[in-house]
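As structure tokens, the structure follows; a few thoughts come after it.
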Amino acid sequence: MAFSRADTSVLGRWWWTVDRWTLAALLALVGFGYVMMLAASPAVAERIGASSRHMFFIKQVAYLMMATGLMVAVSLLSPRGVRRFALIGFAIALLLTAATLVVGVEIKGARRWLPIPGLSLQPSEFLKPFFAVVAAWLIAEGKAPGSKVWGATIALGLFLAVGGILKGQPDIGMLIVVSAVFFAQFFVAGMNLFLVGMVGGIGVAGAVGAYFIFPHVQSRVQRFLDPASGDSYQVSVAMEAFANGGLLGRGPGEGRVKNVLPDAHADFVFAVAGEEFGMVICLVILALFAFIVVRGLMRLLSETDLFVVLAGTGLLTQFGLQAFVNMASTLHLIPTKGMTLPFVSYGGSSVLAIAMGMGMLLALTRRRVGARSGGSVEDSPAAPVMAAGGAR
């Protein structure tokens, strides 16, 4: 893509203000998503008796194409546009997530999906990025000089509402991610150490409570601590796949784990990558996630707008934590948790929600007039790039 610095069109201004390194890393993950679906999905489709061996691949290609377009489209927004988009999206996602408790499809004892012709929608996936931005806006508004808005209190109320719905589904893994994002934002906003300790204590108490209240949580923890205490088939097969793959892998299409692992195209796609492409490619995937998170945080260090800092922190925490949980579960470093690997695993709701979140991150971290000198960041982020001395 080639644009002149004098190009004042929407795409021209977007190209010279967006973080192109982060965008390239995200597109590289999308590319890995295409490759991994081609590697894993035909075997899964054949095993479950699907009419087409390439059913999952075709659907995921469509999802990834939509996700790429959606991510770019959202990244065109200004910070004010991101807030409005997140507010509307959060209201819709919250209502739909609550609706799963009444009309949701029950799968393995959980009601997390809404039946829609042609697909199953998991609205809580969209709730995560939208809540991160809405909470950031409320906290920032509450801390603004002279503000009479009880932003932090309202944000806490919304968090409790979201937490109650997720507990009702139940989706403890999602609740943990949302909680981690929310309290990371509070910490960055200047929560005092006493409250940090209190929040940490509440988190530990909640984790212990989940262990005793929810049998599936207790089972996963026990199997993690003692694999012989229950069915640890998927993790054992995944670890065997990494051993078989070695440094450079067995080669594209030569893996065997995808023929026996039920979630080879979704929660355990990292194991397929390890077997067919080896440790080197797994480290490349890990490096891409680390690069996106670290680069995003580094760009936020130069921001002066608290809303941008908090929203970016929340989105990056969510993105990095989700990737960590998926890869760590596959490597048996933590108890197993059904969570997709962003852009790489199969899943329509997950891919589209992550694309929205990363699109908002790209929009918030674009160069903006006044953003580095203490001026207003409500100006369009697509403002023309200043001449040599003003561009960085």
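Ranked by solvent-accessible area (1.4 Å probe, protein heavy atoms only, all chains present), the residues Ile172, Ile88, Ile154 order from largest to smallest as Ile88, Ile154, Ile172. Taking all protein chains as they are arranged and a probe of 1.4 Å, the heavy atoms of Met66 leave approximately 100 Å² accessible to solvent.
Using a 1.4 Å probe on the protein heavy atoms only, what accessible surface does Arg111 show? Give it in Å² to the nearest 10. Looks like 80 Å² after rounding. In terms of accessible area, using a 1.4 Å probe and ignoring ligands and nucleic acids, Lys128, Lys148, Lys143 rank largest first as Lys148, Lys143, Lys128.
Quick check: at a probe of 1.4 Å, how many percent of the accessible area of the stretch 306-354 sits on carbon and sulfur atoms?
Whole-percent figure for carbon plus sulfur exposure: 79.
If amide H atoms are built 1.01 Å from N in the plane of the peptide, which residues on other chains or at least 5 residues away come under 5 Å of the amide H of Leu121? Under 5 Å from the amide H of Leu121 lie the amide H atoms of Leu114, Ile116, each far enough along the sequence or on another chain. Count Lys and Arg as plus one, Asp and Glu as minus one, and take only other residues whose Cβ is under 13 Å from that of Val272; the net charge is then -3.
Residue ranking by accessible heavy-atom surface, 1.4 Å probe, largest first, among Val257, Val10 comes out as Val10, Val257.
Were the residues from Leu95 through Ile116 laid out at 0.36 nm apart, the gain over their Cα-Cα distance would be 6.0 nm. Couplings 3J(HN,Hα) for the stretch 285-293, derived from phi with the Karplus relation 6.51 cos²θ - 1.76 cosθ + 1.60 (θ = phi - 60°), are 4, 4, 5, 5, 4, 5, 4, 4, 5 Hz, where x marks Gly and Pro. Of the whole protein surface, Leu27 contributes about 80 Å² of accessible area at a 1.4 Å probe radius. Taking a ≥ b ≥ c as the square roots of the Cα gyration tensor eigenvalues, the stretch 23-163 comes out oblate, since a/c reaches at least 1.5 and a/b does not exceed b/c. Legend: distances between Cα atoms for Lys148/Lys337; Lys59/Lys108; Lys108/Lys258; pairs beyond 31 Å are Lys148/Lys337.
Taking R0 as 25 Å, what FRET efficiency do you get between Leu331 and Met198 from their Cβ-Cβ distance, rounded to the nearest 0.05?
0.15
With Cβ to Cβ distances under 15 Å as the rule, what net charge do the other residues near Val149 carry (K, R +1; D, E -1)? The answer is +2. Between the listed residues Leu247, Leu331, Leu300, the Cα displaced farthest toward the positive end of the dipole of the stretch 233-336, a dipole computed from Cβ unit charges relative to the Cα centre, is found at Leu247.
The values are calculated or read from the model by the stated rules, or taken from the named source; none is laboratory data. Remember, it's a predicted structure, so these values are computed and weren't measured experimentally. As a convention, Cβ positions derive from the backbone with ideal geometry for all residues, glycine included, and neighbour counts pool all protein chains shown. These area figures cover heavy atoms from the full protein model, side chains too; ligands, DNA and RNA do not enter into them. Shrake-Rupley method; radii C 1.70, N 1.55, O 1.52, S 1.80 Å.
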